[in-house]
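Data block below; observations after.
The values are calculated or read from the model by the stated rules, or taken from the named source; none is laboratory data. Since this is a predicted model, take the numbers as computed values, not measurements. Virtual Cβ from ideal backbone geometry, glycine too; neighbours counted across all protein chains shown.
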């Protein structure tokens, strides 16, 4: 019985020979056009047909460079990871490196809002995504593997949640035409009446606090402080 043939992933699949006419194509041009579409009109606007139209090419020509829309999304995500990974050595101070990667991830997601929608699913295996993972893990030095995975996983989970919340708020602001302050003013009277019932004392205490809405940096510091004992204790 013949063993099943190992699939060749898009990262190792050669591109077709370049043709100057009617429109030159490459994976790089295809991915760039798809990212431009997603940045402008959202992820739902990305299809092989629309990308081909943006490149003045027939849709069937794109299948020489990728097989499915899922492969196109993988290539797009990896292109953004290329914006996140520093060009020089990441360093070996785990707190500095993980903090820098977290900030760079947030900045990239705010430039490409669709990026956050594609994070947190199956592992990304493109070269830039692997470089991101390598930098995240390498800065932990010789810490036990269990510690490394808990620390990196916790920090990444915070970044993903914080970025998705921030992007959701931006999208809501565009959809409603109200920024956060305007929304708070509009909903304030209702919330005041509900808190006056006395049924939500913990919520009232938080809302009335001076720092009821910590920003990304404050939250990141809390997470890094929280995992620090794991690193120093080697657990």
*the range 49-82 - residue that is closer than 15 Å to residue 11 by Cα and over 18 Å from the mean Cα position of the chain (by Cα) and, of those, surrounded by the fewest Cβ atoms within 10 Å (Cβ to Cβ)*: 68
*Restricting the search to the range 9-23, which residues are surrounded by 10 or more Cβ atoms within 10 Å (Cβ to Cβ) and at pLDDT 80 or above?*
9, 10, 11, 13, 15, 16
*Could you give me the residue pairs with C-beta distances under 9 Å whose first residue belongs to the range 218-230 and is surrounded by fewer than 13 Cβ atoms within 10 Å (Cβ to Cβ), whose second residue is part of a helix (DSSP H, G or I) wherever it lies, and which are 6+ apart or on separate chains?*
222/158
*Residues located in the range 15-57, provided they are in a helix (DSSP H, G or I), touching a residue at least 12 places away in the same chain (Cβ under 8 Å) and farther than 14 Å from residue 76 by Cα*: 50, 54
_I'd like the full set of residues that are modelled with pLDDT under 80 and either assigned to a loop (DSSP other than H, G, I, E, B) or under 22 Å from residue 163 (Cβ atoms) (or both), limited to the range 207-227._
209, 210, 211, 212, 213, 214
_Scan of the range 80-103 for residues that are part of a helix (DSSP H, G or I) and over 18 Å from residue 160 (Cα atoms), ordered by number_ = 94, 96
*Listed residues 173, 166, 134; which is assigned to a helix (DSSP H, G or I) and out of contact with any helix residue (DSSP H, G or I) (no Cβ under 9 Å at 6 or more places or on another chain)?*
134
*Taking residue 172 as the residue in question, decide whether it is under 23 Å from the mean Cα position of the chain (by Cα) and assigned by TED's automatic domain parsing to the domain that holds residue 85.*
yes
*Cβ pairs under 6 Å, 6+ apart, first in the range 87-99 and at pLDDT 90 or above, second assigned to a loop (DSSP other than H, G, I, E, B) and surrounded by 12 or more Cβ atoms within 10 Å (Cβ to Cβ)*: 94/139; 94/140; 97/90; 97/91; 97/139
_Give all pairs with beta carbons closer than 8 Å in which a residue from the range 123-149 that is more than 17 Å from residue 229 (Cα to Cα) and not assigned by TED's automatic domain parsing to the domain that holds residue 102 meets a residue that is surrounded by 15 or more Cβ atoms within 10 Å (Cβ to Cβ) and at pLDDT below 95; count only pairs at least 6 apart in sequence or on separate chains._
none
